[in-house]
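S.K.: Encoded as structure tokens, here's the structure I'll be asking about.
The values are calculated or read from the model by the stated rules, or taken from the named source; none is laboratory data. Keep in mind it's a predicted model, so treat the numbers as computed, not measured. So basically every Cβ, Gly included, is an ideal-geometry build from the backbone, and we count neighbours across all protein chains shown.
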Amino acid sequence: MNPLRPVLRPLRRLHRRVLLHRRPLAALTVAATVLVGLQAVAPAPPETVTVWTARRDLPSGTVLAAADLVGSPYSPGTVPADAVDDRDQVVGRTLAAPMSRGEVLTGTRTVASGLLRGYPGATAVPLRVTDAAVVDLLRVGDRVSFVVADPDGRETPTVLLRDVPVVAIPRASEGGPGSGTPGRLVVAAVPSESASEVAATAATAILIPVWHG
């Protein structure tokens, strides 16, 4: 009896298995080589930057919370110059204009909480005055009332706010002519308990400011 037979027998079986599967193995080797080659010549993924966008539709006057915003990747060439890149800088601020879900938040969309210094118990609410020329007559610190007018003249005008201070008047380019929305924004210090109701009414109303002496 050949003393090498116990050793040669497993080797022969292994050799037969290799011969049996050599074509599939060769195909796998070629596929792996092609894959590595494609990865080597594939272009690098496009560069992106993270900006903060609205997680949901946000009405004007919303006091921003962290949950209202979500980080989204954008191509650097498509990001507005004043896009917010640090969420902590805007949490607690008030939206000066409504935002749609997915819209990029910019610095000019918010008003700082510091505007309310000296007005305890108040919330900064942006109010759109339809006649932009009237806003040119306003100054920060003026105390005004806001009257809601019926554009058709069928309803009697009603007073929405009485004797509230103007705390900011955003530049016309931030919400006036050329923006697609008529009029201009005026930010008033509104009693916090009625801020949400006032913001909702003002969003669809024609507002006329009335000065107090």
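S.K.: Return the total of residues in region 166-195 being modelled with pLDDT under 85 and either part of a helix (DSSP H, G or I) or surrounded by fewer than 17 Cβ atoms within 10 Å (Cβ to Cβ) (or both).
M.R.: Selection size over region 166-195: 10.
A quick yes/no check of all residues on (1) under 19 Å from A203 (Cα atoms); (2) under 29 Å from the mean Cα position of the chain (by Cα):
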| residue | (1), (2) |
| --- | --- |
| V129 | yes, yes |
| V140 | no, yes |
| S145 | yes, no |
| D152 | yes, no |
| V159 | yes, no |
| R162 | yes, no |
| P170 | yes, yes |
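S.K.: Given the conditions (1) surrounded by fewer than 17 Cβ atoms within 10 Å (Cβ to Cβ); (2) outside any loop (DSSP other than H, G, I, E, B), and given that T156 satisfies all but one, which numbered condition is not satisfied?
M.R.: With (1) surrounded by fewer than 17 Cβ atoms within 10 Å (Cβ to Cβ); (2) outside any loop (DSSP other than H, G, I, E, B) applied to T156, the lone miss is (2).
S.K.: Another question about this same structure. Looking only at region 196-213, filter to residues that are surrounded by 14 or more Cβ atoms within 10 Å (Cβ to Cβ) and not in a strand (DSSP E or B); which one of those is modelled with the highest pLDDT?
M.R.: V198
S.K.: What is the residue count in region 61-85 for residues that are without any contact (Cβ under 8 Å) to a residue 24 or more places away in the chain and either assigned to a loop (DSSP other than H, G, I, E, B) or among the acidic types (D, E) (or both)? Explain how you work it out, then say what you get.
M.R.: Here is the first cut: in region 61-85, the ones without any contact (Cβ under 8 Å) to a residue 24 or more places away in the chain are 67-68, 70-71, 77-78, 81.
Now drop any that are not either assigned to a loop (DSSP other than H, G, I, E, B) or among the acidic types (D, E) (or both), which leaves 68, 81.
Here the count works out to 2.
S.K.: Are there any pairs, at least 6 apart or on different chains, whose C-beta atoms fall under 9 Å, with the first in region 48-60 and at pLDDT 85 or above and the second assigned to a loop (DSSP other than H, G, I, E, B) and small (G, A, S), and if so, which?
M.R.: Hits for this filter: T53/G102; A54/S100; A54/G102; R55/G102; D57/S100; L58/S100.
S.K.: Report whether or not V166 is closer than 19 Å to T201 by Cβ and in the same structural domain as A195 (by TED's automatic domain parsing).
M.R.: Details: closer than 19 Å to T201 by Cβ: yes; in the same structural domain as A195 (by TED's automatic domain parsing): yes.
When the stated conditions are applied, V166 passes them.
S.K.: Output yes when any residue across region 114-130 is surrounded by fewer than 16 Cβ atoms within 10 Å (Cβ to Cβ), under 21 Å from V167 (Cβ atoms), modelled with pLDDT of 85 or more and not hydroxyl-bearing (S, T, Y), and no when none is.
M.R.: Scanning region 114-130 turns up at least one residue that is surrounded by fewer than 16 Cβ atoms within 10 Å (Cβ to Cβ), under 21 Å from V167 (Cβ atoms), modelled with pLDDT of 85 or more and not hydroxyl-bearing (S, T, Y).
S.K.: Also, quick follow-up: For region 47-60, give me each residue that is assigned to a strand (DSSP E or B), polar (S, T, N, Q) and closer than 21 Å to P126 by Cα. It would help to see each step written out before you state the result.
M.R.: Going through region 47-60, the residues assigned to a strand (DSSP E or B) turn out to be 49-54, 58.
Right, trim to polar (S, T, N, Q) and you get 50, 53.
Answer for region 47-60, where residues must be assigned to a strand (DSSP E or B), polar (S, T, N, Q) and closer than 21 Å to P126 by Cα: just T53.
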